[in-house]
1. Condition (residue is among the aliphatic types (A, V, I, L, M), closer than 25 Å to SER8 by Cα and either touching a residue at least 40 places away in the same chain (Cβ under 8 Å) or surrounded by fewer than 19 Cβ atoms within 10 Å (Cβ to Cβ) (or both)) applied to the range 170-183: is it met by at least one residue?
2. Yes or no: the range 106-126 includes at least one residue that is in a helix (DSSP H, G or I) and under 18 Å from ILE66 (Cα atoms).
3. Within the range 142-158, is even one residue free of Cβ contacts under 8 Å to residues at least 12 places away in the same chain and of a type in the set (A, V, I, L, M, F, W, C)?
4. Looking only at the range 134-173, which residues are within 21 Å of ILE66 (Cβ to Cβ) and not in a helix (DSSP H, G or I)?
5. Just to verify a result, which residue in the range 109-150, among those that are under 16 Å from the mean Cα position of the chain (by Cα) and among the polar types (S, T, N, Q), is surrounded by the most Cβ atoms within 10 Å (Cβ to Cβ)?
6. Name the single residue, out of those in the range 151-161 being within 16 Å of TYR103 (Cβ to Cβ) and among the aliphatic types (A, V, I, L, M), that is surrounded by the fewest Cβ atoms within 10 Å (Cβ to Cβ).
7. Looking only at the range 171-187, filter to residues that are aliphatic (A, V, I, L, M) and at pLDDT below 90; which one of those is farthest from TYR146 (Cα to Cα)?
8. What is the residue count in the range 184-199 for residues that are buried (at least 22 other Cβ atoms within 10 Å of the Cβ) and over 11 Å from TRP102 (Cβ atoms)?
Amino acid sequence: MVLLAIASLFLGVLYGLSGTDLGLITILVSHTDFILYILMFLVGISVGMHRGIIDKIKEYHIKIFIIPVGIIVGSIAGGLVCAAFLPLSLGESTAIASGLGWYSLAGVSITNLYGAAIGSTAFLSNLMREIFSFFSIPWISKHLNYYSCIAPAAATSEDTTLPMLIKYTNPETVVLAVFNGAFLSALVPFLISFCYHIF
């Protein structure tokens, strides 16, 4: 999965530099909003297919929100810290951090708000977060605890990083990870917009 993401990015850069104009790719690039709606629809289907989530929500009650809220607070705080060291405004930096690993949505959404340069930074930053989680989950599960494995995965804990969580944690953590990923994926567009308007 990591190699596929890196290869796709590399091929996209090569295509952009080549100046080639393929009809299908041009159509896809000009309809990025529509593609995002499809992605969000697929996330909704994914949530609906995990029937055990409702029972787990009832079991944990309000405590089930501790992990996703902690991830949101930690990510935005990280964005605030990065703004102090990078040539980014608070809004740009926190919006990038609010992508929570969902690089496809964050890249396009932030491009629409701040332009291509910041959008590309958002894409790469969130892609690196996902790649980092693939390497960090095994270490975290061994040296910290299973619940902490969900944090680096953030919004991807219900899809791309879920196989790692299945392998290195336990069934209870996996259910929490699916809920966490679904909840954060639903909030990413609102968090990006919030950071854009507040900061």
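The values are calculated or read from the model by the stated rules, or taken from the named source; none is laboratory data. Only a predicted model underlies this, so the values are computations on that prediction, with no experimental measurement involved. Note that we place each Cβ from the backbone using ideal geometry, even for glycine, and neighbour counts take in every protein chain shown.
1. yes
2. Within the range 106-126, not a single residue is in a helix (DSSP H, G or I) and under 18 Å from ILE66 (Cα atoms).
3. yes
4. LEU144, ASN145, TYR146, THR161, THR169, ASN170
5. Among those that are under 16 Å from the mean Cα position of the chain (by Cα) and among the polar types (S, T, N, Q), it is ASN126.
6. Among those residues, the one meeting the criterion is ALA154.
7. Among those residues, the one meeting the criterion is ALA186.
8. Going through the range 184-199 one residue at a time, the tally reaches 1.
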